[in-house]
Amino acid sequence: MVKVDFMAFDYTNKEPVIKMDGIIKEFSGVRALNGITFDVYKGETHCLVGENGAGKSTLMKILSGAYVPTEGTITIDGKTYTSLTPRLSKELGVDIVYQENDLVPTMNAVENIFVGNEISRGGLIRFDEQLKKVRELMGRYHVEIDPMQTIEHMSVSDQQFVKILKSLSGKPKIIIMDEPTSMFNVEDAGKVLDLVRNINQDGISIIYISHFLEEVRKIADRITVIRDGMVINTYFNAERNIPFDTITRDMVGRPVDIFYTKEHNPIGDVMFEVKNLRLTHDSPEINFSVRQGEILGLSGMVGSGRTEIVRAVTGADPRFSGDIYINGKKKKINSPSDSIEAGMAHITEDRQLQGLTLNASVLENMLLVGLRNIKAPFHYNCKKFTPKISPIIDELRIKMPGIDSEVMYLSGGNQQKVVLGKWLFAKENIYIFDEPTRGIDVNSKADFYKAMTNLAKAGNCIVMVSSDLPELISMSDRVLVIRDGAVKSELSGADINEHKIIKEALGVEKK
Amino acid sequence: MSNKKTAKGASMFRDARVLLMIVIVLMVIVVSCINPKFIRLTNIVTILQQISVLGILTMAMSMLMISGGIDLSIGNMMALSAVVLATALKGGMGLGLAVLLAILTAMLCGLLNGFIIAKSKCVPLIITLGTSQIFYGAALLITGGSFMSFGGKLDFMRKISLFNTIPLMVLLMVAAVLVMSYLINRTKFGRRIVAMGGNEKNAYLSGIKVVRYKIITYVISGFLVAVAGIVFAARMNSIAPAAGSGYELNALVAAVIGGITFEGGRGTVSGAILGCLLTGVISSALDILGVDAYLKIAITGIIIVLAVVLSNIDNIRKKV
């Protein structure tokens, strides 16, 4: 595992570089922020945590000048402002690294870093000069990427490094990182944490927004918890040992277990089997099976081949060879259509790109798969199915303006629930989840776990790919660790723990 | 049906159809004040008759665009099917058989488009630009480049009318609109192609056989194109190989004015037919006001640009 060295931050005799005081923000009468006071010292990492909708983003948008606060002041370098503009904020040295991809996919890292800020002479870009600058930055902050590589050919984590380098090239005083590691695998997340440390040592402060409490604990000098537009607590984290319970209790207003306690169901006969699966002619052979009522976790680093395996199983992608057996019978599965026919549900990893029709209604999205079971040779009126969809919406506690609302207006957690609802309506019995709770809030996660437990209890079986270790550990009856496209080990019972999984996933023992 | 709107449609003026209706009604009122002939029943029927070909083609284009496709070959495809009809009639074939042959021709053209697009996964815009040339070339080969007369064999289509006022060709257009609206809104097939247009990956992963559905949409489109071709032939009593070119773009414009987008998954056929009606009303109004023929073309262009900008009013305020 990656070790992060740190020195306890010394707050004595220092003045904050930025202080936001008594910030109130109202949107047409609704208070999103209710008197927040928040400050950052030079060279400090201050983590901001809170559930989705707690007000973190709104607060950061005020700091970056996108929003004008209703009340309150912002003091930067001793000067006090009642509001900022995006331009002023940038001039004062505030920069944001967004979670979403705002890089140009067809341009390389160097070009992306200098977009809008090119080094040129007489209108001609001086590429060598730019490359030199990028190499300097990489050396200074110990970042290893290929600066000539185009973004679309980079891993997600390298793209994240490019974004951070882009930000650093503007010589900011303070960088706001919005969920920088939510797309990282464990190893790369460690690199980001090192990078954060290096940036701090250069005197640049960081406001770090993250859902991953583990990494927050590793890097934060201070942690501020926001709930319902208010600061609940600010903790000093000099020893890097703040208890998770303290933070999660503040986040949700009640104590929660980050390890969901799953009921254990009786496990029946083998229901679903994958035999001799090869993705390509020279890839390793994969075999696994799942029993009725069982949840099988697939763990491994991002890029280890977990998603590829489940996509090949459901026919979403082609495979070189391999047979699929359901209740002992061999099934011909060459397309999602075949796998759905055979009773398999595939909750894909990217809800917006693959799981939803964003401009269609909640109702239509949820009917899409189950439509095949509806006997309507010709006339079909989707409204008639509202009574059948409503119980699923209630069960999953989907919050929405109405069943006719387009899903693009729902929050991430609710969108993900619509995806699951679509498969629940289709009444499948083998559920394959790929990163089911990525980027959704704590309460939605709990709803998801409950739904999964209910599915298992009802005699279905579940395969779950997840990078969220607490989730994987608490939900799985058995865990397969995938590395380099192969099943490296199978863990069950007490062996399902973070230590074992990470060791197997990284393959550290072999070295 | 309930009238409850979704979060976005809170204001009814955001619906392209409402805007279009207001524009059309206003235009009718203004022009009628200047020249009362405009509002006469005969003129209204004439307008409908003039847009009947375009209306049917717009239905084909709308379905394709809503499902995420597009077809720029429908103009030349229409001419080809009419040429086949003319040749068959000239060769002494019975009317019913000749019509069937014309329909089959266009459906085969649609099958060709659909098959290439679905299987090759190429951009339909470019593929159909190419096939458009194939269809044009075929029509030229069949006719030897000259126009063909129907010799009055299709005159009956102009004579049949409902209540002695509404001609068959207008009824065919109305039927096309009703059938297409039903197909898209009230059948599994329709809802699935809308889902496919909205997010093809999601549709595929939800078990929809997208290759098959794409091909079927282009074949249905071919059928409609043939119907348009027959109406066109009946109106003109003759056909030239190049007669259809330009119709595909007019159909596209009508669909876009009506709220259908290039991205797919959005829009309504009722909006598209209103877009069509708008172009018909403009054209007739300019005629009745005695506007110079050349100026009329330019003015039509201006109004179309305005209509498209107006129908896009929701997106204008977004910065990116």
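Listing B:F150, A:F161 from fewest to most neighbouring C-beta atoms within 10 Å gives B:F150, A:F161. Close amide-amide hydrogen proximity is noted between A:V463 and A:L296, A:Y431, A:I432, A:F433, each under 5 Å apart and 5 or more residues distant or on a separate chain (H modeled in the peptide plane; Pro and chain starts excluded). Compute the separation of the alpha-carbon centres of the range A:276-336 and the range B:170-193 and state it in Å as a whole number. Cα centroid of the range A:276-336 versus Cα centroid of the range B:170-193: 41 Å apart. Principal axis extents of the Cα atoms in the range A:35-161, from largest to smallest and rounded to whole angstrom, are 48, 36, 25. Quick one: which of A:K61/A:K417; A:K417/A:K450; A:K330/A:K375; A:K19/A:K90 span more than 21 angstrom between C-alpha atoms? Beyond 21 Å: A:K61/A:K417; A:K330/A:K375.
Can you give the mean number of other chain Cβ atoms that lie within 10 Å of the Cβ atoms in peptide A:334-347?
Working: counts 0, 7, 8, 8, 1, 2, 4, 1, 0, 0, 1, 1, 3, 1.
The per-residue average across the peptide is 3.
Of all lysines in the structure, those lying under 21 Å Cα to Cα from B:K121, and not within fewer than 8 positions of it along the same chain, are B:K201, B:K209, B:K214.
The share of Cα pairs per 20 Å bin across the protein assembly as shown, counted from zero up to the longest distance, runs 13, 37, 33, 14, 2, 0 percent. Put simply, when A:294-302, B:177-185 are sorted by average Cβ atoms within 10 angstrom per residue, most first, you get A:294-302, B:177-185.
If packing is taken as the average count of other Cβ atoms within 10 Å, what order do A:103-113, A:14-24, B:254-264 fall into, highest mean first? Walk me through the numbers before you get to the answer.
Values: A:103-113: 18.9, A:14-24: 17.3, B:254-264: 23.2.
Result, highest mean Cβ count within 10 Å first: B:254-264, A:103-113, A:14-24.
Using bins of 10 Å that start at zero, the share of Cα-Cα pairs per bin across the range B:51-311 amounts to 8, 30, 35, 22, 5, 0, in whole %.
Among the listed pairs A:K56/A:K166; A:K445/A:K503; A:K42/A:K503; A:K14/A:K218; A:K383/A:K457, those whose Cα-Cα separation exceeds 28 Å are A:K42/A:K503; A:K383/A:K457.
Apply the Kirkwood formula to the range A:270-506: the hydrodynamic radius equals the inverse of the mean of 1/r over all pairs of different alpha-carbon atoms; give it in Å with one decimal. Show your work: numbers first, answer last.
Numbers: mean 1/r = 0.0548 Å⁻¹.
After inverting the pairwise mean of 1/r, the radius is 18.2 Å.
Shown for A:F38, B:F163, A:F385: other C-beta atoms within 10 Å of each C-beta, ranked fewest to most, produce the order B:F163, A:F385, A:F38.
A protection proxy built from the mean count of other Cβ atoms within 10 Å ranks the segments B:285-296, B:64-75, most packed first, as B:64-75, B:285-296. Fewest-first ordering of A:Y380, A:Y235, A:Y98 by other beta carbons within 10 Å of each residue's beta carbon gives A:Y98, A:Y235, A:Y380.
Kindly provide the helix-only [θ] at 222 nm of chain B, computed as the sum of -39,500 (n - 2.57) over DSSP H runs of four or more divided by all residues, to the nearest 500 deg cm²/dmol?
Numbers: 14 runs with 230 residues, N = 320.
So the helix-based figure for chain B works out to -24000 deg cm²/dmol.
Using only alpha carbon pairs under 8 Å that are at least six residues apart, calculate the relative contact order of the range A:270-506 and give it in whole percent.
On the way: 443 pairs, mean separation 69.5, N = 237.
Value for the range A:270-506: 29 percent.
With the simple model of a label 7 Å out from the Cα in the direction of the Cβ, A:I374 to B:S146 spans 5.7 nm.
Using DSSP, restrict attention to beta bridges with both residues in the protein assembly as shown and report what percent are antiparallel, rounded to the nearest 5.
Details: 50 of 84 bridges.
About 60 percent, rounded to the nearest 5.
Its relative contact order, with pairs defined as Cα atoms under 8 Å and 6+ residues apart, puts chain B at 33 percent.
Assign one of three labels to the range B:10-153, namely rounded, prolate or oblate, based on the Cα gyration tensor with a ≥ b ≥ c the square roots of its eigenvalues; rounded applies when a/c is under 1.5, prolate when it is not and a/b is larger than b/c, and oblate otherwise. Cα axes put the range B:10-153 in the oblate bin.
Separation of the range A:358-403 from the range B:133-153 is 49 Å, based on Cα centroids.
FYI, it's all coordinate maths here, none of it is from the lab. Just so we're clear, the structure is a prediction, and the values are computed from it rather than from any experiment. Neighbour counts are summed over all protein chains in view; Cβ atoms, including those assigned to glycine, are modelled from backbone coordinates with ideal geometry.
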